[in-house]
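Asker: Shown below is the structure under consideration.
Only the coordinates and a few stated rules stand behind these numbers; no lab work does. Because the structure is predicted, anything quoted here is derived from the model rather than measured. Glycine gets a Cβ as well: all are built from the backbone with ideal geometry, and neighbour counts include every protein chain shown.
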Amino acid sequence: MLTGIEIKNINHLGIVAGIIDELEIVDIINEELGIDEQEIVNSGEIVRQL
């Protein structure tokens, strides 16, 4: 019997977030929309979290 193995269900969100990171979509969105210095969370990160 194997020990020390943990299984986590990340549904599709982990896969989608991984693809967003791989394609650098957050950077593309932020380049197009810009980042305001008063923002707590930038637009690219908001899209990644949806």
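Asker: Which GluC sites (Glu not before Pro) in the chain sit in a loop by DSSP (not H, G, I, E or B) and have at most 15 other Cβ atoms within 10 Å of their own Cβ? Could you put the intermediate results ahead of the total?
Answerer: Numbers: sites: 6, 22, 24, 31, 32, 37, 39, 45; in loops: 6, 24, 37, 39.
Sites meeting the loop and neighbour criteria: 6, 24, 37, 39.
Asker: With everything on Cα atoms, drop me the angle between helix 13-22 and the longest principal axis of the chain, reported from 0 to 90° to the nearest 10.
Answerer: 50
Asker: Related question: If each residue of separation counts as 0.36 nm, what is the full-extension length gain between residue 5 and residue 28 once their alpha-carbon separation is subtracted?
Answerer: Working: separation 23, 0.36 × 23 = 8.28 nm, distance 3.68 nm.
Here the answer is 4.6 nm.
Asker: Could you work out the relative contact order of the chain? I mean the mean sequence separation of Cα pairs under 8 Å and 6+ apart, divided by the number of residues, in percent.
Answerer: After rounding, I find 33 percent.
Asker: Rg and Dmax of the chain over Cα atoms: what are they, in angstrom?
Answerer: My reading of the Cα-based Rg and Dmax gives 15.7, 53 Å.
Asker: Still on this structure, please answer the following. Ranking 19, 5 by Cβ neighbours within 10 Å, fewest first, what do you get? Each step should come with its number before you reach the end.
Answerer: Values: 19 10, 5 6.
By the 10 Å Cβ count, ascending: 5, 19.
Asker: At what distance in nm do the modelled label points of residue 16 and residue 41 sit from each other, each positioned 7 Å from its Cα along Cα→Cβ?
Answerer: About 1.4 nm, to one decimal.
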